[in-house]
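Everything on this sheet refers to the single structure shown next.
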Amino acid sequence: MAFNTSSCITSFRSPGARVKVSDTKICPHCTASTLIKNGFTANQKQQFYCKTCTKRCIDFYTNNGYGKEINAHIVLLIKEGMGIRSMARVLCISTTTLLKRIVFITKGVQSPPICSGQIYEVDEMRTFLRHKGKVIWIVYALDRINKNVISFAVGSRTKKTLNQVIKTVVLSNPKRIYTDGLIHY
């Protein structure tokens with residue numbers, strides 16, 4: 001069954017994607033009006049060069065996966081719990097492009113600041129990858145008051161995996177740490 005791209009939700013497309021650079025003569029990177037024509041791309045699209053920021057842009061982009069607001073839409077849909085294929089279908093991009101964008105977004109995520117003197121809860125969760133024979137454990141530490149994840153580690157159920165989280169929590173000089181009484185703690 002072929003997918004009809006005309007049924008894509010247009011609210012996820014950036015409103016500026018339909019405005020051509022040649023119409024506005026404004027650089028999409030620095031918003032200066034110092035664009036000059038700079039040849040054509042391999043797809044025969046007009047290319048522009050900005051004298052202010054020295055970056056290049058083309059007249060209009062046909063690849064929806066690299067729009068300005070696509071990362072914000074991806075984060076929003078991930079928070080809503082939507083699957084990879086569903087997100088790709090709604091955003092009108094391929095699953096490969098979507099996965100590349102997710103990896104790009106995760107590289108920019110910073111760990112939250114850890115306050116000292118807080119009460120933390122450390123626990124682990126068993127799950128699997130692809131089939132039940134490939135078991136992994138997710139160990140995490142939560143701030144007990146505001147329920148924020150302070151630290152986490154993914155791996156086998158060993159002291160090494162647990163210590164990655166425990167060291168972070170202990171270095172924060174906690175008031176109290178709650179666990180489920182596992183021997184490795």
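Observations
Here's the yes/no breakdown for (1) in a strand (DSSP E or B); (2) touching an Asp or Glu at 6+ places or on another chain (Cβ under 7 Å); (3) not hydrophobic (A, V, I, L, M, F, W, C):
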| residue | (1), (2), (3) |
| --- | --- |
| N38 | yes, no, yes |
| A42 | no, no, no |
| C53 | no, no, no |
| K68 | no, no, yes |
| V75 | no, no, no |
| I78 | no, no, no |
| M82 | no, no, no |
| M87 | no, no, no |
| V90 | no, no, no |
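- Among the residues of region 119-134, the ones that are in a strand (DSSP E or B) and without any contact (Cβ under 8 Å) to a residue 12 or more places away in the chain come to 2 in all.
- Exclusive hit being closer than 30 Å to H29 by Cβ and of a type in the set (G, A, S), set A141, A153, A72: A72
- Yes/no for V169 being open to solvent by less than 80 Å² (accessible area, probe 1.4 Å) and part of a helix (DSSP H, G or I): yes
- Number of positions in region 111-137 that are among the polar types (S, T, N, Q) and closer than 13 Å to R157 by Cα: 1
- Given (1) surrounded by fewer than 16 Cβ atoms within 10 Å (Cβ to Cβ); (2) farther than 30 Å from Y66 by Cβ, number of the condition A141 does not satisfy: (1)
- The criterion of being part of a helix (DSSP H, G or I) and within 26 Å of the chain's Cα centre (by Cα) does not hold for S111.
- Given (1) surrounded by fewer than 16 Cβ atoms within 10 Å (Cβ to Cβ); (2) hydrophobic (A, V, I, L, M, F, W, C); (3) at pLDDT below 90, index of the condition C57 fails: (1)
- Within region 92-117, the residues that satisfy the criterion of being loosely packed, with under 15 Cβ neighbours inside 10 Å and over 30 Å from R144 (Cβ atoms) are S94, T95, T96, L99, K100, V103, F104.
The values are calculated or read from the model by the stated rules, or taken from the named source; none is laboratory data. Since the structure is predicted, the reported quantities are computational estimates derived from the model, not experimental observations. Because the Cβ atoms are built from the backbone with ideal geometry, glycine has one as well, and the counts that use them run over all protein chains shown. With ligands, DNA and RNA removed, areas are computed over all heavy atoms of the protein, side chains included. Shrake-Rupley method; radii C 1.70, N 1.55, O 1.52, S 1.80 Å.
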